[in-house]
Amino acid sequence: MTSKGKINKQDVAKLLSEWGKEFTVFVPSQDAGVATWARWDGKDTSFLEWYRNTIVPPKAIFLPPVEEMFSFKKDKASYQIELPASDEKTPLIFGIRPCDAKALAIIDMTFKDVYEDPYYLSKRNNTILIGLGCTNPYDSCFCTSLYDGPSDVSDVDLMLTDIGDEFLVEEVTEKGKELMAKTSLAEEATEADEVRAKEAKEAAYNKVTRQLDTKDIEEKLLANFDDKDYWEKVAAKCISCGVCTFLCPTCYCFDINDELIRNQGGRLRSWDSCAFPLYTKMPMENPRLEKWRRVRQKVCHKYGFYPMNFDIIACTGCGRCIRLCPVNWDITQALASLPVRAQA
Ligand code: SF4
Ligand code: SF4
């Protein structure tokens, strides 16, 4: 049972200022018209008006599109290596959607539990996640097919629900409770507030109309793994641009390159995509030269291999890959059209 308080929307800036003393606060932001995440500038809360979800998912805070792993300088006899300075404050992400909080928990399984990636963990460890339930999901969202949907609290420390002039605040974790205990800006929620929040959550849940039947999906994919005709048909219109994977909150493929100018440079890690023909070109040839094999890999990684390894589907139903694909490729249509056959 979570405790509940409320925060007046007009006090959000004050609250973020309080938190900013202890944490590096990230909020939804616009960069050249693209909704992304940025450090809070200390005043602007206009995102409360326009924010539905960001185009660039919050994974970019922990696994940036390009990141310098170290810089180096060559002298006559050796290389001098310098590690990047790390932020001394812990990140606090304000307004993360439940689907994107779940996506971070999914990436953690690889970057924290299986392999301890120091670059990821230096930013991700102890992060505070302040969730903001969706009241206005997109047509492409299908989160209710995968978990509790637009108000799911399972991966956040606090969950905010819009109840008009205020946010109802659920204290989900001990960290969340401590945060709320420290501020004088919170009030106790009334029974009427809780009723309004319940109604808002139900309305949001019902607005998610796109559905995907995920029952036995892993087995169905395995049974159809070698069905080249099916995969070729499904892959036909994909142009291998990689947008769906770059902007997917659970995709994490990367490449590493050394950039050298004269005697100095840096080792850079950057996003890569299994949709690209050149992917895994080094140290050997890409084993998936044909497009249908790459599309199969993307779908099976999320709905087959991740469940096999971690007992969870690596898709949150955020719908980015559907609404941002330039040729309207739709993962829910691909999965719904899996041929029914005896499972292997
Ligand atoms: S965004 Fe669309 S076209 Fe681009 S790789 Fe993904 S499915 Fe293919
Ligand atoms: S596969 Fe598509 S719907 Fe699923 S998490 Fe990735 S971008 Fe979102």
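The values are calculated or read from the model by the stated rules, or taken from the named source; none is laboratory data. Just so it is clear, the structure is predicted and the values come from calculations on it, not from any experiment. A quick note on method: Cβ atoms are made from the backbone with ideal geometry, for glycine too, and the neighbour counts reach across all protein chains shown. The protein model used for the area step is the full one, side chains on, heavy atoms only, and it has no ligands, DNA or RNA in it. Shrake-Rupley method; radii C 1.70, N 1.55, O 1.52, S 1.80 Å.
Values as computed for the structure displayed
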| quantity | calculated |
| --- | --- |
| Options Tyr306, Tyr279: the member that is away from ligand 2 (no atom under 16 Å from the Cβ) and of a type outside the set (Gly, Ala, Ser) | Tyr279 |
| Any hit, region 237-248, residues being within 16 Å of ligand 1 (Cβ to nearest atom), open to solvent by less than 40 Å² (accessible area, probe 1.4 Å) and closer than 30 Å to Glu170 by Cβ | yes |
| Residues of region 207-248 classified as on the phi > 0 side of the Ramachandran plot and among the charged types (D, E, K, R), total | 1 |
| Hits in region 299-321 (condition: open to solvent by less than 20 Å² (accessible area, probe 1.4 Å) and of a type in the set (A, V, I, L, M)) | Val299, Ala314 |
| Among (1) assigned to a loop (DSSP other than H, G, I, E, B); (2) touching a residue at least 60 places away in the same chain (Cβ under 8 Å); (3) closer than 28 Å to Thr36 by Cβ - the single one Ser270 does not satisfy | (1) |
| Pairs with Cβ under 7 Å, 6+ apart, first in region 312-323 and touching a residue at least 24 places away in the same chain (Cβ under 8 Å), second charged (D, E, K, R) and open to solvent by 10 Å² or more (accessible area, probe 1.4 Å) | Ile313/Lys302; Ala314/Lys302; Cys315/Lys302; Thr316/Lys102; Ile322/Asp330 |
| Selection from region 116-144 of residues that are outside any helix (DSSP H, G or I), among the charged types (D, E, K, R) and touching a residue at least 40 places away in the same chain (Cβ under 8 Å) | Asp139 |
| Long-range neighbours under 6 Å by Cβ, at least six apart or interchain, first residue more than 25 Å from Glu18 (Cβ to Cβ) within region 182-202, second open to solvent by less than 50 Å² (accessible area, probe 1.4 Å) and of a type in the set (A, V, I, L, M) | Arg196/Ile163 |
| Residue count, region 281-298 (criterion: within 16 Å of ligand 1 (Cβ to nearest atom) and either open to solvent by 20 Å² or more (accessible area, probe 1.4 Å) or in contact with a helix residue (DSSP H, G or I) (Cβ under 6 Å, 6 or more places away or on another chain) (or both)) | 10 |
| Qualifying residue in region 125-136 (condition: assigned by TED's automatic domain parsing to the domain that holds Thr24, farther than 30 Å from Ala197 by Cα and either in contact with a helix residue (DSSP H, G or I) (Cβ under 9 Å, 6 or more places away or on another chain) or open to solvent by 50 Å² or more (accessible area, probe 1.4 Å) (or both)) | yes |
| Hits in region 299-344 - residues which are within 16 Å of ligand 1 (Cβ to nearest atom) and among the acidic types (Asp, Glu) | Asp330 |
| Count of region 237-276 residues which are aromatic (Phe, Trp, Tyr) and within 14 Å of ligand 2 (Cβ to nearest atom) | 3 |
